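Read the structure below first, then the notes.
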Amino acid sequence: MLFNSLSYAIFLPIVFALYWILPGCHRWWLLLAASYYFYMSWNVRYVVLILFTTVISYISALLLERTASLRQKRAILMLALVSCLGVLFVFKYFNFVSQSVSDFCRMISIPLHPVTLKLMLPVGISFYTFQTLSYVIDVYRGEIRAERHFGIYATFVSFFPQLVAGPIERSKNLLHQIREEHVFDYNQAAYGMKLLTWGFFKKLVVADNLAVYVDTIYNQIYLYRGLSLMVASVFFAFQIYCDFSGYSDIARGTARLFGVELMTNFKSPYFSTSIREFWSRWHISLSTWFRDYVYIPLGGNRVKKSRHYCNLIVTFLVSGLWHGANWTFIVWGGIHGVLQVCEQALGLSPKKQTVSGGAKRHTLRWWASVIVVFVLVCLAWVFFRANSLDDAIYLLSNMFYGISDPYHYAWQACMDMNIWAKRAAWLSLYLLILLAFDYASLRTDVIAWLGTRSAVVRYLVYFGLVTFIIFNRSVTESAFIYFQF
């Protein structure tokens, strides 16, 4: 069930109404039933997997809390990790590993045919697997108590707004909110609706409109050369941002309708002045997960410099692999790891990042840093989007073809992508609205600020945005990109 579907438009109001009608002590089972229905709408059979992961992590946490022996605790933790990650491996990585081993053997003249499994990747499996693992690890570390109520815990794992594409919530934030009895707050619900609407603008207007051009170029990449390759790559940078952050906004807005506050997953990432800052603003729930459960356990920055750099690169390689079973994702992660190492080695990455705006952000140097980081991020996105490493290399080596003749360079791109003056103006307007919102968000919560304006101003903006979405949404709708991860 897609957020941008008619079925969800029917599903959400029904669940919302029932939730606030029911007594507080019974609301958890409604959320649990709604979440499992939401997940089963993708594929009924794969509900067994999320149930298996839920049961294993639930029992493991209880055993960890009741066990005094450190050796036994480690054994229980290892069993939980192997069980949950084993399911993820079989469905997501088995064919990739089998094919990679086969390719390597052929390189050294050993004939080996890969063994492949005909399995469809369960939607959201990477997200709920990481959410359950963080819970078990936190219990192992003694940072939280194990949840006794299985129904409450199952609701935490399957909470439908963030089930299939995050944010990857920590039990410290979400579990107690599932357990608590909420009182309806009009202001919170209204904020949720505004956030949800902004998410739909990002997805339906920006991401889906750009996807048409990105898919045209990347799916037949060898038919094109020159500026069209560059434009498609920049478009993809905005497409994936609006697609994924749009989902997160819809998820957070939906959760607020039920009195639940999910973590912020994006904070104007394309206004970052370093790659390190970019990762403090992009997919925050995942970057902090890898920081807490991979990077820091490896030693973080508390080791000698060479080991610290190695820890950074390993963390980002694993992060790349998390996104998909393809070498393109691993290379993408490695690029970000190497860029962070270079920043730190050259003293270009400040130790502390500022998440709110300041006067210095308006300087020419700040804007130059933002542009450089955006260019580097776009170049890395090429590997993320490309269907193969060969495709990525072809794009990077041919995007400047014909640039010596600027007029023909631009004209050919317009021909290739069928983007002329009127369409270019509309696309520019979409991006301008997006960037203006994100830039203002560096200083303030734009949605909350808008709520303090006069009723006339507020409702003009609300009506205008909804109307804009209706008349400018793409005729070609696409699934959210991160569903495949």
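The values are calculated or read from the model by the stated rules, or taken from the named source; none is laboratory data. Just so it is clear, the structure is predicted and the values come from calculations on it, not from any experiment. Here the Cβ positions follow ideal geometry from the backbone for every residue, glycine too, while neighbour counts run over all protein chains shown. Remember, those area values only see protein heavy atoms, side chains included, never the ligands or the DNA or RNA. Shrake-Rupley method; radii C 1.70, N 1.55, O 1.52, S 1.80 Å.
So here's what we get for this one:
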item: Answer from D438, D416, D390 - the residue that is in a helix (DSSP H, G or I), without any contact (Cβ under 8 Å) to a residue 60 or more places away in the chain, at negative phi and acidic (D, E); result: D390
item: Number of the condition not met by R148 [criteria: (1) assigned to a helix (DSSP H, G or I); (2) over 27 Å from the mean Cα position of the chain (by Cα)]; result: (1)
item: Check on H336, closer than 22 Å to Y270 by Cβ, open to solvent by less than 30 Å² (accessible area, probe 1.4 Å), out of contact with any Leu (no Cβ under 6 Å at 6 or more places or on another chain) and modelled with pLDDT of 95 or more; result: yes
item: Every residue from the range 320-333 that is open to solvent by less than 10 Å² (accessible area, probe 1.4 Å) and among the small types (G, A, S); result: G320, G324, G333
item: Given (1) assigned to a loop (DSSP other than H, G, I, E, B); (2) closer than 20 Å to T476 by Cβ; (3) among the aromatic types (F, W, Y), index of the condition F266 fails; result: (2)
item: Top-ranked residue of the range 268-319 - restricted to ones that are open to solvent by less than 10 Å² (accessible area, probe 1.4 Å) and of a type in the set (D, E, K, R), ranked as farthest from T129 (Cα to Cα); result: E277
item: Check on M40, within 23 Å of the chain's Cα centre (by Cα) and loosely packed, with under 15 Cβ neighbours inside 10 Å; result: yes
item: Only one of L379, L396, L348 that is assigned to a loop (DSSP other than H, G, I, E, B) and either open to solvent by 40 Å² or more (accessible area, probe 1.4 Å) or at pLDDT 90 or above (or both); result: L348
item: Unmet criterion (only one of (1) buried (at least 23 other Cβ atoms within 10 Å of the Cβ); (2) out of contact with any Phe, Trp or Tyr (no Cβ under 9 Å at 6 or more places or on another chain)) for K202; result: (2)
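Yes/no matrix, rows are residues, columns are (1) among the aliphatic types (A, V, I, L, M); (2) open to solvent by 60 Å² or more (accessible area, probe 1.4 Å); (3) in contact with a Pro (Cβ under 7 Å, 6 or more places away or on another chain):
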| position | (1), (2), (3) |
| --- | --- |
| F52 | no, yes, no |
| S60 | no, no, no |
| L64 | yes, no, no |
| S69 | no, no, no |
| R74 | no, yes, no |
| L81 | yes, no, no |
| M107 | yes, yes, no |
| P111 | no, yes, no |
| V115 | yes, yes, no |
